[in-house]
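The values are calculated or read from the model by the stated rules, or taken from the named source; none is laboratory data. Keep in mind it's a predicted model, so treat the numbers as computed, not measured. Here the Cβ is made from the backbone with ideal geometry for all residues, glycine too, and neighbour counts use every protein chain on show. Ligands, DNA and RNA are excluded from the accessible area calculation, which covers all protein heavy atoms including side chains. Shrake-Rupley method; radii C 1.70, N 1.55, O 1.52, S 1.80 Å.
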Amino acid sequence: MTDSTKITAEADPLIDGPVLAQGVDEEPVERNRRLFAGGPLIFIATFATLYAAFHMLALNGVSIRSWTGVNLPYLPQFPMETWNFRIVHISGALALGFLLFAARLFRDEDAPATPLLSKAGYLLLIPVAIALWTVVSFILLVNSGDLPQMSGLATWAAFPGTEIYQREITWFGIPLLIATGGAIALGWFENAPRKGFATSDVVLALCAVLVALYLIPIYSTAARNSVGTSFVPIGVAFAATAGTALILELTRRVAGLALVIITGVFLVYTFTAHLLPGILAVQTPYDWKRFFGFVYTDAGILGPTTAVSSTYIILFIIFAAFLQASKVGDYFVNFAFAAAGRARGGPAKVAIFASGLMGMINGTSAGNVVATGSLTIPLMKKVGYHKKTAGAIEAAASTGGQIMPPIMGAGAFIMAEITGIPYTDIAIAAIIPAVLYFASIYFMVDLEAAKLGMRGMRDDELPVLKKMLRQVYLFIPIIILIAALFMGYSVIRAGTLATVAAVVVSWLTPHRMNIASILKAFELAGIMSIQIIAVCACAGIIVGVISLTGVGARFSSMLLGIAEASQLLALFFAMCIAILLGMGMPTTAAYAVAASVVAPGLVNLGIPPLTAHFFVFYFAVVSAITPPVALASYAAAGISGANPMETSVASFKIGISAFVVPFMFFYNSAILMDGTWLEVIRATITALIGVFLLSAGVQGWFLGSRSAWFIRVALVVAALFMIAGSWTTDAIGLVAVVAIYFVQKLFQPPADAGFDVRGAD
């Protein structure tokens, strides 16, 4: 969110009355993002618009060639071959990302430019030109029809001793690696004006295009059948090496070092696994050619993570961009203020409500924090919350957006791709866990407000709910999305219909979308998609390592061994891995890796695939509020002005009940909608009671007064009995609650009550 987002009381065309949210829909401007002007701005805007529009057309099978009847080379015709589509998807994001995001942060005042380094960078265009000329000659050769055929495919004889082999090394591979490595290194030192392109970034963008230009024609030949073996063309290994380096560098720029370091560890493991002991060992070492010839396939970078980012994720990013263009985010936040602002601790309740609504749009923890937190955090501090608590509440609430149907986080789409479970089934299964998550945060916030004697916001500080309800039609795109999914439409078709609905609904508001604003929405979508595409591709590298080395299967075997002692211990082990992976890693990458390493082991234990994967996904999500590295909490601390570590500890406390929820649906699958309606309703009610009791025990507030320590312990124990979901444990829990109630009411033990301990003498 930009600095233009503010709390204000000025009139808004949509709302008669005070306005609390303006600019929620504006995208943040990262500190390493370039701010173009003039020609560069027009170029980037056009590039981003075409990139997003290309995906919308491709996913809906719209062929420009079939429309026009013109048979020009390279004119889009769909459906594209799957691998080619994913290669173009990654290449476009890399090129756009390098042009937009600098290798280093921009200071408040631009550092002195380095014109000599920039001019020296022009030398890197020489190897780029050599590699490009070679690739063009390869394309012409493949399309010439002169190559021998095998099973209807052209052969690509790139074996040692052949002319093609030598050309791939000398005139393609080496120049490509020189240009890629040189530009990455140059980017760390080059200072270019923020409003213009850096030479190193232009070279990297060209290298990304070169990788795609080589792989697409070569993968169209019989050489594609050799990937993952020692017979893979040497050029594929060179292209994959350069592509991997480009993905790691862009991930560093847009998502930080954590994921890059973890990916680097996996890469090192690949080439040292034969030297390691125990379950980490492999029998035969992997050479460079075989590994990189394997990693840029559908078992790695082009695998499930990119399959999802190139279809569902980018489609819903386009949908979110269209909603933002029609200012729906502002309405969602103002609606939340009107609905929940009057309750005690009102702004905190608003944070929960607004974050749930915004989660249906963006599905990212940090993005949700920035979008709603700059409004809710200052107001929480105003009504009496400590700054660390205000930040913690926003972080915990925003994290829940990733498990909020219908869109959820990107990890849910990956779950659908990996498990083969329809996304609609996953969204339905997520309903009760999402309700329990937000209910747990609500209880914690409400009890905290009661403990501190906080007030709600006054009517004159809030939008008028009745008048807000007159704009309830802004929910129509979300409703259409849900309805289309449950009517049996594909996710792609449902997302497209919802996007069209967002345009139509905007015509009922002052923010009417015309051709210019539609193009602007596509531009915004192209830019918004860069980070998640880079993260998914980077996670694909890790998945490739796990697939090639088989380390995931060995971890699964270890989990089976642990489960012989205790199935609960195996679940605890899976929880720890998911949380550890999520510390500093985006949820998407954390889940993708955990789903490859841990989830198969849980499935082998006899746990249903949906339960196993949702268990791992849930903990990958809550890792965003788990210290010591809690990304959502750190983002909230930046807004609240509190210490990041204190904020992360506070957010962990506020979200503590959420850490119990996955064990609830493990012990009682009815929470994932697996059962009769009676079982589902009973499971929901008892789970809500358990979450409330746990919150009351943690906060030390029960029945309108502070609780003694033994009352708090009893509340937590009663809550834990509600987890198993059987009639017996539920009955024990409810009896315990009744006993606690009477003890609290009849004896009213003081909050500082203790035992009188006497010595033996």
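At a glance:
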quantity: Complete set of residues in segment 261-284 that are part of a helix (DSSP H, G or I), open to solvent by less than 30 Å² (accessible area, probe 1.4 Å) and of a type in the set (Val, Ile, Thr); calculated: 263, 270
quantity: Residues of segment 141-183 that turn out to be open to solvent by 20 Å² or more (accessible area, probe 1.4 Å), farther than 22 Å from residue 227 by Cα and not small (Gly, Ala, Ser), as a count; calculated: 2
quantity: From 192, 198, 239, residue being at pLDDT below 95, open to solvent by less than 10 Å² (accessible area, probe 1.4 Å) and more than 25 Å from the chain's Cα centre (by Cα); calculated: 198
quantity: Conditions (1) touching a Gly at 6+ places or on another chain (Cβ under 9 Å); (2) assigned to a loop (DSSP other than H, G, I, E, B); (3) of a type in the set (Asp, Glu); number of the one not met by residue 249; calculated: (2)
quantity: Residue list for segment 288-304, restricted to those being aromatic (Phe, Trp, Tyr) and open to solvent by 10 Å² or more (accessible area, probe 1.4 Å); calculated: 288, 292, 294
quantity: Flag for residue 460 being closer than 29 Å to residue 685 by Cβ, outside any loop (DSSP other than H, G, I, E, B), open to solvent by 30 Å² or more (accessible area, probe 1.4 Å) and of a type in the set (Asp, Glu); calculated: no
quantity: Index of the failed condition, residue 388 passing every other in (1) modelled with pLDDT of 80 or more; (2) within 12 Å of residue 457 (Cα to Cα); (3) not polar (S, T, N, Q); calculated: (2)
quantity: Residue list for segment 381-395, restricted to those being under 15 Å from residue 654 (Cα atoms) and either assigned to a helix (DSSP H, G or I) or of a type in the set (Asp, Glu) (or both); calculated: 387, 388, 389, 390, 391, 392, 393, 394, 395
quantity: Residue match in segment 433-452 (condition: open to solvent by 10 Å² or more (accessible area, probe 1.4 Å) and within 27 Å of residue 529 (Cβ to Cβ)); calculated: no
quantity: Odd one out for residue 130 among (1) part of a loop (DSSP other than H, G, I, E, B); (2) in contact with a Phe, Trp or Tyr (Cβ under 9 Å, 6 or more places away or on another chain); calculated: (1)
quantity: Evaluation of residue 702 against (1) touching a Ser or Thr at 6+ places or on another chain (Cβ under 9 Å); (2) aromatic (Phe, Trp, Tyr); (3) surrounded by fewer than 24 Cβ atoms within 10 Å (Cβ to Cβ) (one fails), failing number; calculated: (1)
quantity: Per-region count, segment 521-533, residues of a type in the set (A, V, I, L, M, F, W, C) and either under 11 Å from the mean Cα position of the chain (by Cα) or open to solvent by 10 Å² or more (accessible area, probe 1.4 Å) (or both); calculated: 6
quantity: Unique residue being within 18 Å of residue 478 (Cβ to Cβ), of a type in the set (A, V, I, L, M) and in contact with a helix residue (DSSP H, G or I) (Cβ under 6 Å, 6 or more places away or on another chain) when the list is 379, 357; calculated: 357
quantity: Number of the condition not met by residue 467 [criteria: (1) open to solvent by less than 20 Å² (accessible area, probe 1.4 Å); (2) more than 17 Å from residue 324 (Cβ to Cβ)]; calculated: (1)
